Amino acid sequence: MRSECKNLLTVDEGLTRNYSGRGQFDGQALHPVTAFPWPDFLAGQHTKPVRVLLVDPDPAIRRVIAQELLDDLRIQLDGQASTLREGRRLLMQHEFEVLMVDVRLDDGSGFELIEEAKKHRSAPEVIAISAHHDESQTLRALELGASGYLVKNAWLQSYAQAVLHVVNGGAAVTPTLTRRLLSRLDHTRGNETPVRPSGNRASLSGREREVLRLVAIGNISADIAAQLAISPQTVNANMKSIYRKLHAHTRAQAVSFASHRGLL
């Protein structure tokens, strides 16, 4: 059940008021934990929340994640499972926007479910979750089409925010793991000459590389447009060009492919 407790919020001009927890403040839809309006052009509104499926073998961890998702009125948790078999049943029974799945399940691999989810009729986003900081598993999940990878015991991350990031065109990777991946990339680039695939489609323009670097650290199109002083439509046009050149289908895939090929 969603929490109905009242949270004390501080708003502009130093005023303090009570917020009911129902996503409203003076008639405006709000982020459930802050006093800032949630833009109506973004996916995840209290009238049309993001539908999520959660598959994790650890009941305690699953409860923690589920409660965080349920506490955010922009998200609707439609189903939970603990095994690959149960997860497959959820995929058949539900239309959903985001799947959150542990990469290690008792009766199989979460990677199998990622592959199956990416073929689902609702074309969902996928966030892989794990108990381990494992760069190779992260890269594998991204290459399979996941848009996020979260380590369960990490600080400075939010499962609800991760859902909202990926469904709005961003990526969500545990910050400490992102740092390790970037360090690994820097080390590789410092010791090897990047191997670029031959052919005209493999080269990215300077602007495309700028856009992709910002995507890699979790920015959505609106953020990228503001930072580069271009329109969101231009950002999306750059992303389409990047997808075509790299033969990628998601932003996470584009970042992974470009990193492997030394294009960032």
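The values are calculated or read from the model by the stated rules, or taken from the named source; none is laboratory data. Just so it is clear, the structure is predicted and the values come from calculations on it, not from any experiment. Virtual Cβ from ideal backbone geometry, glycine too; neighbours counted across all protein chains shown.
Table: residues versus (1) over 16 Å from the mean Cα position of the chain (by Cα); (2) under 18 Å from residue 42 (Cα atoms); (3) aliphatic (A, V, I, L, M).
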position	(1), (2), (3)
212	no, no, yes
221	no, yes, no
236	yes, yes, no
243	yes, no, no
258	yes, no, yes
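Cβ contacts < 9 Å: first residue in the same structural domain as residue 170 (by TED's automatic domain parsing), restricted to the range 71-100; second residue crowded, with 21+ Cβ neighbours inside 10 Å and of a type in the set (D, E, K, R), any location; separation 6+ or different chain. Result?
Note: pairs meeting the criteria are 80/56; 81/56; 82/56; 97/125; 98/125; 99/125; 100/56.
Could you say which residue among 202, 226, 237 is hydrophobic (A, V, I, L, M, F, W, C), modelled with pLDDT under 75 and more than 15 Å from residue 147 (Cα to Cα)?
One residue alone meets the criteria, 202.
Anything in the range 46-86 that is polar (S, T, N, Q) and under 17 Å from residue 125 (Cα atoms)? List them, or say none.
Once the filter is applied, which keeps residues that are polar (S, T, N, Q) and under 17 Å from residue 125 (Cα atoms), the range 46-86 yields 76, 80.
So in the range 117-145, with the set limited to residues that are within 15 Å of residue 96 (Cα to Cα) and not in a strand (DSSP E or B), which one is nearest to the chain's Cα centre (by Cα)?
Per the criteria, the residue is 124.
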